[in-house]
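Contents: one structure, followed by commentary.
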Amino acid sequence: MSVVYTIGYEGTDIERFVATLKAVGIERLADVRAVALSRKKGFSKKSLSARLEAEGIEYLHFITLGDPKPGRDAARAGFFDKFRAIYSAHLDSDDTQSSLKELVAVAGEKPTCLLCFERDPVTCHRSIVAEAMTESAEFEVCNLYGDNPERYVRNAPRLPRYHPREGAAAA
């Protein structure tokens, strides 16, 4: 079994965020935001991908896996059941399923972390994406928090270990 990691950048800065990814050994960041723009310095697509590249972390944007606007609006309003229903219906579309299959394939190659904004994975669609990945392939989910990278250094022996999936049977 392999691991897919998730992280949100709410409540952190780019320095602690990158330090967290590096402490865990992330080699690829899969951005699952519909709109990869941020008011938070360092987290818009261009600046984030450049920073990650400088740190040796690959950046991929899976725009189709982003939460559609009605889902984002429902989540912002605190209607999490409605948000989950909207995103689950979106996830069932052919284009989104195709992107999910691509994500499963690339996450099987090297340590990959799903990115979105919300700190709490329970209120973020990335947890729905990660759950869908566990249903279609053998992945374990590990949610990261980017505000205290030292916790991952201190607890390194307790973290789930990434194991690359093998061959076409894994896809």
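The values are calculated or read from the model by the stated rules, or taken from the named source; none is laboratory data. As the structure is a computational prediction, the values presented were derived from the model and not from experiment. We place every Cβ from the backbone using ideal geometry, glycine too, and count neighbours over all the protein chains shown.
Where residues in the stretch 39-57 are crowded, with 16+ Cβ neighbours inside 10 Å and under 16 Å from the mean Cα position of the chain (by Cα), which of them is farthest from K22 (Cα to Cα)? Checking each candidate, the answer is K45. Within the stretch 122-159, the only residue that satisfies the criterion of being touching a strand residue (DSSP E or B) at 6+ places or on another chain (Cβ under 7 Å), polar (S, T, N, Q) and under 21 Å from P70 (Cβ atoms) is S127.
Annotation: of all residues in the stretch 91-105 being in contact (Cβ under 8 Å) with a residue 60 or more places away in the chain and farther than 21 Å from V35 by Cβ, the one that is surrounded by the most Cβ atoms within 10 Å (Cβ to Cβ) is V104.
Within the stretch 116-171, the set of residues being modelled with pLDDT of 90 or more and more than 18 Å from T20 (Cβ to Cβ) comprises V122, T123, H125, I128, V129, E131, A132, M133, T134, E135, F139, E140.
All of (1) under 24 Å from E15 (Cα atoms); (2) surrounded by fewer than 16 Cβ atoms within 10 Å (Cβ to Cβ); (3) in contact (Cβ under 8 Å) with a residue 12 or more places away in the chain; (4) not polar (S, T, N, Q) hold for K69 with one exception: (1).
Looking only at residues in the stretch 35-66 that are basic (K, R) and in contact (Cβ under 8 Å) with a residue 12 or more places away in the chain, the one that is farthest from T123 (Cα to Cα) is R51.
T20 meets each of the listed conditions (1) β-branched (V, I, T); (2) under 24 Å from F139 (Cα atoms); (3) part of a loop (DSSP other than H, G, I, E, B) apart from (3). Against the test of being touching a Gly at 6+ places or on another chain (Cβ under 7 Å), basic (K, R) and either exposed (fewer than 13 other Cβ atoms within 10 Å of the Cβ) or under 16 Å from Y5 (Cβ atoms) (or both), the options R119, R158, R151, R126 yield a single qualifying residue, R119. Listed by position, the helices (runs of 4 or more DSSP H) contained in the stretch 68-171 that have at least 1 residues being on the phi < 0 side of the Ramachandran plot and of a type in the set (S, T, Y) are 80-91, 94-107, 125-136, 150-154.
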